Amino acid sequence: MEFIEIVNGVATSVASAGVLAIIALAIKPLRVALVFKTHEYVLVHHSESRRCEWDIQWEGQRLTIKADNVHNDYLENVTLIYNDQAPGESLGSMNVSREFFPRVSPRVSWPIKVQLSGIVKRTSDSGREYSVHFVVRRRRW
């Protein structure tokens, strides 16, 4: 009788863990938290200089973001370069959105993705300053 109780207890535990895993993977915020590792960066651009270039070093990887100009809700003529692998991925304009770049394509298979999550403009006597918010993410495994 004890053997049957042990098997029943193990089966119940495995079934409970399976149901919780299915629920966690079905809910997008939980799935993203479990599957992806993310970090947010706030980078600054002054309006006196038209072109901008930022380098993000994250977990032994390097992402270079080049843009011709910063506007209120998009970056103009953006190029993403992963680990100095020129020429990079040209995006044209990169709008503030929830979408991650580069998009999945047979040509681009980077382990990291980047999202332009927001742009904040501050105006002062010395000119305009933009805080550009990026989210970088990669799979945990």
Next on the checklist: Could you check the range 1-60 and list, in sequence order, the residues that are more than 16 Å from the chain's Cα centre (by Cα) and among the β-branched types (Val, Ile, Thr)?
Outcome noted: 4, 6, 7, 10, 12, 14, 19, 22, 23, 27, 44
Next on the checklist: Of all residues being assigned to a strand (DSSP E or B) and over 25 Å from residue 69 (Cβ atoms) in the range 23-51, which is least open to solvent (accessible area, probe 1.4 Å)? Just the residue, please.
Outcome noted: 36
Checklist entry - Under the condition of being among the polar types (S, T, N, Q) and in contact (Cβ under 8 Å) with a residue 24 or more places away in the chain, which residue from the range 56-77 is most open to solvent (accessible area, probe 1.4 Å)? => result 72
Next on the checklist: Just to be sure I understand the filter: pairs with C-beta atoms under 6 Å, separated by 6 or more residues or on different chains, first member in the range 28-40 and within 23 Å of residue 118 (Cα to Cα), second member surrounded by fewer than 12 Cβ atoms within 10 Å (Cβ to Cβ). Which pairs pass?
Outcome noted: 37/140
Checklist entry - Restricting attention to the range 1-21, which residues are modelled with pLDDT under 80 and open to solvent by 80 Å² or more (accessible area, probe 1.4 Å)? => result 1
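The values are calculated or read from the model by the stated rules, or taken from the named source; none is laboratory data. Note that this is a predicted model, so its numbers are computed, not measured. Here the Cβ is made from the backbone with ideal geometry for all residues, glycine too, and neighbour counts use every protein chain on show. The area values use the complete protein model at the heavy-atom level, side chains included, leaving out ligands, DNA and RNA. Shrake-Rupley method; radii C 1.70, N 1.55, O 1.52, S 1.80 Å.
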